[in-house]
Amino acid sequence: MWKDWIRPFVRPLPQWSVVAVASPQQAVAANLCWNGATADVTSDHTVASLRPLTIATSLDAGPHPTLEYRDRASGRRLGVLQLARAAAVSSEGSTLTLYHVAAGGHRCLAWPLRPWNTWLQNRLMQRTAPSPHSLMAPAATQQLMIAYLSPRPVILVSVDAPGHHNIFPMDLIGPLGRSGLFALALRSTNVSVPTMRESRRVALSCMPAAMKDAVYALSVHHKQPLTDWEALPFPVRRSRTFGIPAVAAALRIRELEIVHSEEVGSHTLFLGRVVSEEALAQATQLHHTAGFHQAWRRRHGQPFTEPRTA
Ligand SMILES: Cc1cc2nc3c(=O)[nH]c(=O)nc-3n(C[C@H](O)[C@H](O)[C@H](O)COP(=O)(O)O)c2cc1C
């Protein structure tokens, strides 16, 4: 149909695609490159803050490394971020490096569609109502999409302390492999930040893609705590050591003891050690990737599955 052909020229691609991927994702490799050296950081980097857009990793790759994302099957370079070293964070004998994103680009769309789609997306961001990422300028949002070339798993974080219960979705999370730490970047305005800093315990439920709608519905709890665990639309089970209510239908439940937290720009970066890990079921996990990544995969006949909305 002529409409399918004309659509990319008049409408931008969605910024984000919600996809169903087996975890840990294997589709995209992330490499840090500096001074002729290369290190695989696929499971050793995460977003630490949205404003300024900041990447955390356990490596110190010098003052100006690049972070490149490659499709594993074809070896094709999908995108790259230019980083600038900003700070170091030390905790329990491990040191992480925080890098600001200075610039970036992707190769998921061919010229002239690539700059045209960027222009359409940026125009839409400037015109529409604030989105969850509206604390970022359009150029930084484009760079964040590049960071999402490596599909990011979605979890539900449970907090349970006297007088405060909560459960909310997060995807700015992940292991920082070499340090053995696990990071969560939570906007400092989140209602549970003070409790998490004090109780230093959370349970993380890895969410099956089939529970997409339930996960999204819980985003309201970034702003208001949960009144009662019984009010959730799905059953919970207590986590193994801390006894924190987590999702009974989760693929995996991890307990995290928070060993360090500090404000990094717009977010509070929590660093934790995994105290227990229960593998409960095998299915695809809810992930987010960039819309232009899904478009690239579709063009190559291998799109990620997209979970249905009820
Ligand atoms: C699937 C999902 C993942 C999210 N991940 C994070 C996260 O990692 N860190 C964070 O601070 N907020 C996260 N959020 C919260 C949103 O960025 C946003 O603050 C929240 O949905 C409230 O949106 P609003 O400010 O537009 O009302 C997530 C929300 C959803 C739905």
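When both residues are 6+ apart or on different chains and their Cβ atoms are under 7 Å apart, which pairs have a first residue that lies in the stretch 183-208 and is within 12 Å of the ligand (Cβ to nearest atom), and a second that is part of a helix (DSSP H, G or I) and aliphatic (A, V, I, L, M)?
Within 7 Å, the pairs are LEU186/VAL193; MET207/VAL215.
Check off (1) under 20 Å from LEU172 (Cβ atoms); (2) in a strand (DSSP E or B) for MET125 and give me the number that stays unchecked.
(2)
Name, by its number, the condition in (1) within 16 Å of the ligand (Cβ to nearest atom); (2) under 18 Å from the mean Cα position of the chain (by Cα); (3) outside any strand (DSSP E or B) that does not hold for PRO175.
PRO175 satisfies every listed condition except (3).
So SER74 passes all but one of these: (1) without any contact (Cβ under 8 Å) to a residue 24 or more places away in the chain; (2) surrounded by fewer than 16 Cβ atoms within 10 Å (Cβ to Cβ); (3) out of contact with any strand residue (DSSP E or B) (no Cβ under 7 Å at 6 or more places or on another chain). Which condition number does it fail?
For SER74, the failing item is (1).
Considering only residues that are away from the ligand (no atom under 13 Å from the Cβ) and under 21 Å from GLN285 (Cα atoms), which ones fall in the stretch 137-158?
Listed by number, the residues that qualify are MET145, ILE146, LEU149, SER150, SER158.
Evaluate the following for PHE234: is it of a type outside the set (A, V, I, L, M) and free of Cβ contacts under 8 Å to residues at least 40 places away in the same chain? Can you show your working first?
On the way: of a type outside the set (A, V, I, L, M): yes; free of Cβ contacts under 8 Å to residues at least 40 places away in the same chain: yes.
Taking the combined requirement at face value, the residue satisfies it.
Would you point out which residue out of ALA279, ALA250 is on the phi < 0 side of the Ramachandran plot, without any contact (Cβ under 8 Å) to a residue 60 or more places away in the chain and small (Gly, Ala, Ser)? Walk me through how you get there before you give the answer.
Values: ALA250 fails: without any contact (Cβ under 8 Å) to a residue 60 or more places away in the chain.
Of ALA279, ALA250, the one residue that is on the phi < 0 side of the Ramachandran plot, without any contact (Cβ under 8 Å) to a residue 60 or more places away in the chain and small (Gly, Ala, Ser) is ALA279.
Among the residues of the stretch 74-116, how many are in a loop (DSSP other than H, G, I, E, B) and more than 20 Å from the chain's Cα centre (by Cα)?
Within the stretch 74-116, the subset in a loop (DSSP other than H, G, I, E, B) is 74-76, 92-93, 107-112.
Now narrow it down to the ones that are more than 20 Å from the chain's Cα centre (by Cα): 74-76, 92-93, 107, 109-112.
Matching residues across the stretch 74-116 total 10.
Here, each number is a calculation from the coordinates, and none is a lab measurement. A quick note: this is a predicted structure, and the numbers were derived from the prediction, not measured. For neighbour counting, all protein chains shown are included, and Cβ atoms are generated from backbone atoms with ideal geometry for every residue, glycine included.
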